[in-house]
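Trainee: Can you read through this structure? Questions will come right after.
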Amino acid sequence: MTNLVSIITPVHNSELFLEKCLQSVLSQTYSNWEHILIDDCSTDNSFSIIMKYVQNDSRVNYVKLNKNSGAGIARNKAIELAKGRFIAFLDSDDLWHPTKLKKQLAFMENNNCFFSFTSYSIIDEDGNEKPKVMSAIKEVTYNSALYKNPIGCLTVIYDVDFYGKQYMPSIRKRQDFALWLKLLKKANACGLNEVLSFYRDRKNSISSSKIKLIKYEWKIYREEGFNIMKSSFYLLSAIILKMKSYF
């Protein structure tokens, strides 16, 4: 398989981790990719870091937004510009295993899969792996995802030939979950239970900010057309299952 993969990366003040993110893409054993980095008005040294790679590798592309708009808008701009058959997501503080693209694309081809995700490890700010691994289940359906989003954004690849270009809603948080639900309405997601990505757990990601995410999940359920009772049921289920996953 030699199809072009468009890697989508929103960037906002990521100078501490951005270089390692870029290196993890450059280290891929599958080389037919383009890396689209959308700068959401960073005020640190992110631009200079990215430009070093842009100047040395034509596969790395940089675009800056006119105003700070959030990760969802940044990702959508990158999707708009993408030329690849496949769309993959990687945030600027996260990492990929060198065989990520090669293994996941082969998995999709072998399983006739149009939307896939993998297991991932959690790392700290210094890049040390934590004991917790988020294991990919074999299959996710639209109905099962409503109870709890089991799909890590940094692990996803979807097939544009099958879906067309699909975008995230214009909300500040949980845009990825809303997109997964849209994709799942057309086909189930296939899980590859192998750690091929590394999610960085940042110190500023405190529990109070996680609580604020609840309102975004509520908004998604309501926009799926569910009434207050049904939305409350799924939101409570998601909260309980997420709490269990941390223990």
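Each reported figure results from applying straightforward, stated rules to the coordinates on display, with no laboratory input. Computed from a predicted model, the values in this text were never measured in an experiment. Methodologically, a virtual Cβ is constructed for each residue, glycine included, from the backbone with ideal geometry; neighbour enumeration extends over all protein chains shown.
Trainee: Taking Cα centroids, how far is the range 1-17 from the range 147-167 in Å?
Mentor: Here the two parts' Cα centres lie 15 Å apart.
Trainee: Can you give me the angle between helix 46-56 and the longest principal axis of the chain, using Cα atoms only, in degrees from 0 to 90, rounded to the nearest 10?
Mentor: On a 0 to 90 degree scale, this one is about 50.
Trainee: Here is a follow-up. Taking amide H positions as placed 1.01 Å from N in the peptide plane, with prolines and chain starts having none, which residues 5 or more places from Ser197, or on another chain, fall under 5 Å of its amide H?
Mentor: Here His97, Ser121 satisfy the definition.
Trainee: Sticking with this one: What is the spin-label model distance, in nm, from Ile214 to Ser48 if the labels are put 7 Å beyond Cα along the C-beta direction?
Mentor: The answer from the label model is 4.3 nm.
Trainee: Using a basic spin-label model with each label point 7 Å from the Cα along Cα→Cβ, how many nm lie between Asn111 and Lys185?
Mentor: Simple spin-label model gives 2.4 nm for this pair.
Trainee: Return one number: the angle in degrees, 0 to 90 and rounded to the nearest 10, between the long axis of the Cα atoms of helix 71-81 and the longest principal axis of the Cα atoms of the chain.
Mentor: Computed tilt is about 60 degrees.
Trainee: Quick one: which of 107-117, 54-64 comes out on top by average Cβ neighbours within 10 Å, and what's the full order, highest first?
Mentor: Ranked from most to least packed, the peptides come out as 107-117, 54-64.
Trainee: Quick one: dipole size for the range 5-204, taken about the Cα centre, charges +1 on Lys/Arg Cβ and -1 on Asp/Glu Cβ, in debye to the nearest 20.
Mentor: That gives a dipole near 600 debye.
Trainee: Identify unpaired cysteines across the chain, taking unpaired to mean no other cysteine Cβ lies under 4.7 Å from the residue's Cβ.
Mentor: Cys21, Cys41, Cys153
Trainee: Between Rg and the Kirkwood Rh of the chain, both from Cα atoms, what is the Rg to Rh ratio?
Mentor: 0.94
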